[in-house]
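No lab work stands behind these numbers, since they all come straight from the coordinates. None of these values were measured; they are calculated from a predicted model. All Cβ positions, even for glycine, are placed from backbone atoms using ideal geometry, and neighbour counts span all protein chains on display.
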Amino acid sequence: QGTDSESQLHADLESINRLYTYMRILIIDDKGMVVQDTSQSRVGRYIINDEILGALAGNIENGGDSKVKRLAVPITVRDSGKTCGVVYVFASMELLHQKLVENRERVILIEIIMGIVVIALFYLICYLAVRPFDRINSWLKQRKEEKNPVPKPKFHMQNEFSLLADTIDDSTRDLLAMDRSRKEFVSNVSHELKTPLSSIKVLTESLLLQDHVPEEMYKEFLQDINSEIDRMTNIVNDLLTLVRLEEGGSVLNLSTFNLADLVDDILKRLKPLADQRSITLSREGSPNVQVEADATKLTLAISNLVQNGIKYNRDNGKVTVVLEQSGPNALISVSDTGIGIEEENFDKLFQRFYRVDKARDRAAGGTGLGLSIVRQIVTLHKGVISVSSTVGKGSTFLIKMPVEQISDQDEEDI
């Protein structure tokens, strides 16, 4: 054996001794002398026992001493078939048990640390996940309690929570707008119904408080009461019509017909009303505009426009309905020579209960719902309505609607 090999062997044994302190390794030559010892205590000394002799003879048996709790394993070393020595490995069971206990304690400690880390991460993730909902919830509570709108919470990143906040913000704004509209609607309905009821109450009290009321006055008061009842009936009927149209479930009973025929029937029916003030009703434009529409609803819409033209016209005036077709659309314009409308009122015209001239409208028996009904009917037919007017000269309402109604599914297919 060379010096380099012995040095390398010695270095390897020292490394093993450092790693496995509970083990001891002896290298014994064929004479029984210790040439290497990881503890360096028996180098140069002889060890002769049954285990060593058996290993040198080729009979390897594991040995040990239960009293001192150790394990001894002799390993025969051969060179070219000839026994040249023994590697004698000792392991202290007490030290081995101690190492196992130490390792088990380390494993338990690592498991505890990992458990703490996992729990901490779990709570951190839960906090990060729940915190945005807490902010949104607090924001909604503030928005509910305060009259003025509360700014929505801002998030550092444009994520799902930011989109959720945007959706809730838009929804709450819509709900607030609907609530304001509902309150305004209830207020308007209450006011509109209160006026004729007040008139009826005054008239009936006047009759009850007077003795020997002249027959002429009695009839006059009854006629006034009847007029107020008719007015309330018109308001209720118009409200029911508007509600049915705005429900979204209103179905169009479509049929194909000539607009000219429908308009002629409307003008014929309203002619007695126009004749009371010498107002001329006429139809112009194309005599044949075929449309697919709900004839009943479209009749109501055009009738309301013509009635408004009569109601807000001057004596000896004119109401003209012009029919045209422009490509896939039918154009229906209703013009009058009446008082006209200021441009600043155009946006409000189609609001429920809005009146440009409230005194004149009530005197004429209007409910303030006619144009709202017209717009809703036109919208159901996928059309639009616009207005142009000159104060003192008259107004023109223009309906533009498709001559053929296409279902939503067909539009998607297109």
| request: Kindly put Lys183, Lys99 in sequence by how many other C-beta atoms sit within 10 Å of each C-beta, fewest to most. | output: Lys183, Lys99
| task | Please order Leu207, Leu109, Leu371 by the number of other Cβ within 10 Å, starting at the fewest. | result | Leu109, Leu207, Leu371
| message | Return the equivalent ellipsoid semi-axes of segment 251-413 as a descending list in whole Å, where each equals the square root of 5 times an eigenvalue of the C-alpha gyration tensor. | response | 27, 18, 14
| Efficiency of FRET between Tyr218 and Ser388 - r from beta-carbon atoms, R0 51 angstrom, step 0.05 | 0.60
| remark: If the chain between Thr280 and Asp265 were fully extended at 0.36 nm per residue, the gain over the current Cα-Cα distance would be 3.9 nm
| message | If you average 1/r across every pair of different Cα atoms in segment 101-143 and take the reciprocal, what Kirkwood value do you get, in Å? | response | 12.8 Å
| task | Rounded to whole Å and sorted largest first, list the principal axis extents of the Cα atoms in segment 253-293. | result | 35, 23, 9
| query | Per residue and in cubic angstrom, what volume does the convex hull of the Cα atoms of segment 201-292 have? | reply | 151 Å³
| Fewest to most neighbouring Cβ within 10 Å: what's the order for Phe133, Phe397, Phe257? | Phe133, Phe257, Phe397
